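The values are calculated or read from the model by the stated rules, or taken from the named source; none is laboratory data. Bear in mind that the values here come from a model prediction, so they are computed numbers and not experimental data. Heads up, the Cβs are rebuilt from the backbone with ideal geometry, glycines too, and the neighbour counts pull from every protein chain shown. All accessible areas refer to the heavy atoms of the entire protein, side chains included, with ligands and DNA or RNA removed. Shrake-Rupley method; radii C 1.70, N 1.55, O 1.52, S 1.80 Å.
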Amino acid sequence: MTTVIKGQPTSAEVRQALKAEGRPVVLACSLGKDSLAAWIALERDGIEVVPVYFWSIPRLPMVEESIAKIEAVFGVRIHQYPHPRWFRTLNNCVYQSPDHCGIIDAAGLVEMTYEDERPLILEDLGLPPDTWECDGVRACDNPYRRASLTRHGLMKKTTRKASVIADWTKKECMDAIAERGIGLPPDYELFGRSFDGLDMRFMKPLRENRPEDFEIVRKWYPFIKADELRWEHYGL
């Protein structure tokens, strides 16, 4: 049963409004179930999707494999850009060795937010500044998202962001993915969700099941195992 979001249009109405504009939309694609379902919903309604993925680790094999499979299903390239976390963790020397800290400091990386990256990405994609950015945020995912969608709406004209499956249930998402024949990325088998961090929830399963991927992470964050050791010692 589709979720009702008080005082807001249905997500189908949101997609129809996007379709009426007759322009491509950018999709923030985490490769997870919600963003894949959002892609399918937009595709069904005949809306051109330009998917964007924000990587936390450049060229991680697990991610590259997932992207290649998804691109093959949709026949559309997924454009990749650095996650704001990338700049923040490096500049703060998170899990870095002393020799890395000196190199990072000398590099003088400018920290970027999503808002900073948005105009640069749109320019890179050759899209106008008022292009809609779509996501797979759903009201029934948690109370905070429902409250935000109820208060701020499914289409935010000031930020040009649209939640295109906000009233979908998890079942609707999974059914759409199964019908499209995509399958979930290996993240769900390893972490129970899409890859989204450097803490033990992600790094321990990665180290144990995909050691080559973990070694790539360790090249960028030499002391990455520190969080796992902290959990083992303090039980937090």
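Among the protein heavy atoms, those of residue 225 account for about 90 Å² of accessible surface (1.4 Å probe, every chain in place). Ranked from largest to smallest solvent-accessible area, with a 1.4 Å probe on the protein heavy atoms, 55, 220 come out as 220, 55.
Among 73, 4, 63, the sequence by solvent-accessible area, most first, with a 1.4 Å probe is 4, 73, 63. Cross-link partners of residue 204 among lysines, defined as those whose alpha carbon lies under 28 angstrom from its own and excluding same-chain residues fewer than eight positions apart: 33, 69, 170, 219, 225.
Here residue 140 sits with roughly 60 square angstrom of accessible surface, probe radius 1.4 Å.
Counting charges near residue 173 (Lys, Arg +1; Asp, Glu -1) among other residues having Cβ under 9 Å from its Cβ returns a value of +1. Heavy-atom accessible surface of segment 32-166, averaged per residue, reaches 49 Å², computed with a 1.4 Å probe. Multiplying the residue separation of residue 85 and residue 175 by 0.36 nm and subtracting their alpha-carbon distance yields 29.2 nm.
Return the single residue from 124, 45, 99 with maximal mean-square fluctuation; model: Gaussian network over the chain, springs between Cα atoms under 10 Å. So, out of 124, 45, 99, the one fluctuating most is 99. Excluding same-chain neighbours fewer than eight residues apart, the lysines reachable from residue 157 by a Cα-Cα span under 20 Å are 6, 19. Computed from the C-beta positions of residue 107 and residue 212, the FRET efficiency with R₀ = 30 Å rounds to 0.70. In a fully extended conformation the segment linking residue 196 and residue 145 would gain 16.6 nm over its present Cα-Cα distance, using 0.36 nm per residue. Rounded to the nearest 20, the Cβ-based charge dipole of the chain about its Cα centre (Lys and Arg +1, Asp and Glu -1) stands at 700 debye. In this structure, residue 74 and residue 12 have a Cβ-Cβ separation that, at R0 = 25 Å, corresponds to a calculated FRET efficiency of about 0.75.
When Kirkwood radius over Cα pairs in Å is computed from the coordinates, the matching label among [x] 19.3; [y] 20.9; [z] 18.2 is [x].
Nearest 0.05, what FRET efficiency do residue 158 and residue 188 give at R0 = 25 Å with Cβ-Cβ as r? Step by step, r from the Cβ atoms, then E = 0.15. On full extension, the segment bounded by residue 93 and residue 223 gains 45.8 nm, given 0.36 nm per residue less the C-alpha separation. A simple count of charges around residue 23, restricted to other residues whose Cβ falls under 11 Å of its Cβ and scoring Lys, Arg +1 and Asp, Glu -1, yields -2. Figure note: 155, 62 ranked by solvent-accessible area, largest first, 1.4 Å probe, ligands and nucleic acids not counted: 155, 62.
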